[in-house]
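Below is one structure; the comments refer to it alone.
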Amino acid sequence: MSDPAAPKTVNLRYGDESVELPVLSGTEGERAIDVSSLRAKTGLITLDSGYGNTGSCQSAITFIDGERGILRYRGYPIEQLAERSSFLEVAWLLIKGELPSRAELAALREEVVRHTLLHESFTQFFSALPRDAHPMPVLAAAVGALATFYQEPESEQLIHDSCIRLLAKMPTIAAYSYKHSIGQPLIYPQNSLDYCSNFLRMMFATPCEEYATDPLLARALDLLLILHADHEQNCSTSTVRLVGSSQANLFACISSGISALWGPLHGGANQQVIEMLQSIADGDGSAERFVARAKDKNDTARLMGFGHRIYKSYDPRAAILKKTCKEVVGKLGTSSRMLEIAMKLEEIALSDEYFISRKLYPNVDFYSGVIYTAMGIPVNMFTVMFAMGRLPGWIAHWLEMRADPAFRIGRPRQIYQGATERAYIPIEKRGEGPVSRLARRHARASAGA
Ligand code: SDX
């Protein structure tokens, strides 16, 4: 909680100058130096590669205490939401700020169900893409393309409808991208099914065979989506905010968030984790040997799904997923080989000085892939699942940024380290310099011409 006795300003001395800067506090006691007047007062800017110590905004959506492993959406602990809520209810909570009433939740479900279909010309969109395209660029392109179907002038109603359309159509786009990649016909949404059952059916039904969703899998997927729904100013959410600060259209901003999430250090890690577990299973099966490689600076191996910029203790989402993993694998009777290797890696790493000293713990990606695999979801769809989950968080942050009275376009500064001023050199006065292979080939071609 905020400490009323904490100083309200900080004094910065630079040479024989000194400047006083305000310190502001959050509702959970976090404090920040407001440096917005620093350059005007001192000519100095701040520099913080990777923004490890820099706040980009004030937000009321999600609170994380990385030291204590706390994650709350609008004040509600993730453990309680995981146990008792649903993904659509959490989506409303993140976007609106309060838990919905029974009628509000029913109305949300009804609105989402009415928008699950894609415009029929999307089928040509998918068929234009290579069969072996990774589903993440397909998802980013398709979400961006939604902007071409809804081009009315921006209004509060259009923004509301765009939020609903995204929540409704993301699973359809995701399932379509999968069906396209395996050469199967697209399966249309079925409005009688709940959000997760509808997605699983679009993924696994075929015109020849129905797919009856196991309620255990639908509940496990709903839990996975809740756990991924928001995580304050992570890389992809900060991307959505920055792109949105130019007043770009919501679909374009969400598409940029999807692209940022694809990175293997961010949302792409869940795919990397399963590939890591599979490589251990297919190799000598030695978790010990792999952990040794992950510690070796001369080895590119990393213990994927471990470590976090904010959590310096166990990621609370990983703890919930580890428990769910055991339940799903146990009840389905699927192979627990991946889970066993993951748990062995965790056991070794959490007792190893290298990981302990760097406060590296399992993060949300470490166990999620084991559950997706048990559901039959292919590895290259794992990050798409992450995007489906993170969507309400992206929307909530985009709306919060747009409603912020201090809203202005994001435009960071830099410290220039390039050449100082120099005069142009006419080409005839430039030495030969290191002639590139292309230049030599071009010179031979023109000599032979
Ligand atoms: C997500 O921001 C969010 O909230 C993200 C997310 C969300 O919900 O949006 O939580 C989702 O992206 C989770 C993170 C998924 N990524 C991975 O699991 C990839 C593996 N983890 C790392 O690459 C790394 O831990 C990061 C990217 C997650 C965090 O990187 P940092 O904070 O920049 O830390 P760092 O790379 O500077 O590492 C500090 C030290 C280094 O060693 P030294 O230079 O001190 O000797 O720890 C080492 C790193 O080499 N290290 C690891 C490691 N992670 C960090 N060594 C081995 N294996 C790892 N996984």
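Before we move on, is residue 247 under 24 Å from residue 70 (Cβ atoms), of a type outside the set (Asp, Glu), out of contact with any Pro (no Cβ under 6 Å at 6 or more places or on another chain) and not assigned by TED's automatic domain parsing to the domain that holds residue 335? In short, no.
Applying the criterion of being of a type in the set (D, E, K, R) and outside any helix (DSSP H, G or I) to the residues of region 274-299, the residue that is nearest to the ligand (Cβ to nearest atom) is 297. Looking across region 398-409, the residues that are closer than 17 Å to residue 55 by Cβ and modelled with pLDDT of 95 or more come down to 400, 401.
Do you know which of the residues in region 223-259 that are β-branched (Val, Ile, Thr) and open to solvent by 20 Å² or more (accessible area, probe 1.4 Å) is farthest from the chain's Cα centre (by Cα)? Filtering region 223-259 for residues that are β-branched (Val, Ile, Thr) and open to solvent by 20 Å² or more (accessible area, probe 1.4 Å), the one farthest from the chain's Cα centre (by Cα) comes out as 243. How many residues are away from the ligand (no atom under 14 Å from the Cβ) and part of a helix (DSSP H, G or I) if we restrict to region 49-77? Residues that pass the stated criteria total 0.
Those helices (runs of 4 or more DSSP H) of region 78-158 in which 2 or more residues are at pLDDT 95 or above and assigned by TED's automatic domain parsing to the domain that holds residue 256 occupy 78-84, 87-96, 102-113, 135-149. Does residue 200 meet the test of being assigned to a helix (DSSP H, G or I), open to solvent by less than 40 Å² (accessible area, probe 1.4 Å), touching an Asp or Glu at 6+ places or on another chain (Cβ under 9 Å) and more than 24 Å from residue 226 (Cβ to Cβ)? Criteria not met by residue 200. Here 151, 184 are screened, and the one residue that is open to solvent by 40 Å² or more (accessible area, probe 1.4 Å), in contact with a strand residue (DSSP E or B) (Cβ under 9 Å, 6 or more places away or on another chain) and without any contact (Cβ under 8 Å) to a residue 24 or more places away in the chain is 184. Can you find a residue that is surrounded by 10 or more Cβ atoms within 10 Å (Cβ to Cβ), outside the structural domain of residue 99 (by TED's automatic domain parsing) and under 30 Å from residue 74 (Cα atoms) anywhere in region 435-449? No: region 435-449 contains no residue that is surrounded by 10 or more Cβ atoms within 10 Å (Cβ to Cβ), outside the structural domain of residue 99 (by TED's automatic domain parsing) and under 30 Å from residue 74 (Cα atoms). Could you tell me whether region 235-251 includes any residue that is more than 16 Å from the ligand (Cβ to nearest atom) and among the β-branched types (Val, Ile, Thr)? Yes.
For region 336-382, a residue qualifies if it is open to solvent by 10 Å² or more (accessible area, probe 1.4 Å), closer than 21 Å to residue 181 by Cβ and among the small types (Gly, Ala, Ser), and the qualifying residues are 374, 376. Close Cβ contacts (under 9 Å, 6 or more residues apart or on different chains) running from residues in region 294-307 that are assigned by TED's automatic domain parsing to the domain that holds residue 364 to residues that are within 6 Å of the ligand (Cβ to nearest atom) and among the β-branched types (Val, Ile, Thr) comprise 305/364. A residue that is open to solvent by less than 40 Å² (accessible area, probe 1.4 Å), out of contact with any helix residue (DSSP H, G or I) (no Cβ under 6 Å at 6 or more places or on another chain) and away from the ligand (no atom under 11 Å from the Cβ) cannot be found anywhere in region 260-273.
Kindly provide the set of residues from region 339-397 that are under 22 Å from residue 66 (Cα atoms) and of a type in the set (Lys, Arg), ordered by number. Passing the criteria: 358, 359, 390. Within region 203-234, the set of residues being within 16 Å of the ligand (Cβ to nearest atom), touching a helix residue (DSSP H, G or I) at 6+ places or on another chain (Cβ under 6 Å) and part of a loop (DSSP other than H, G, I, E, B) comprises 228, 229, 230. The condition of being surrounded by fewer than 16 Cβ atoms within 10 Å (Cβ to Cβ), within 16 Å of the ligand (Cβ to nearest atom) and not basic (Lys, Arg) does not hold for residue 314.
Regarding residue 418, is this residue surrounded by fewer than 23 Cβ atoms within 10 Å (Cβ to Cβ) and at pLDDT 95 or above? The answer is yes for residue 418.
The values are calculated or read from the model by the stated rules, or taken from the named source; none is laboratory data. This is a predicted model, so every value here is computed, not measured. No Cβ is skipped: glycine too gets one built from the backbone with ideal geometry, and neighbour counts run over all protein chains shown. Side chains are part of the model used for accessible areas, which takes the heavy atoms of the whole protein and leaves out ligands, DNA and RNA. Shrake-Rupley method; radii C 1.70, N 1.55, O 1.52, S 1.80 Å.
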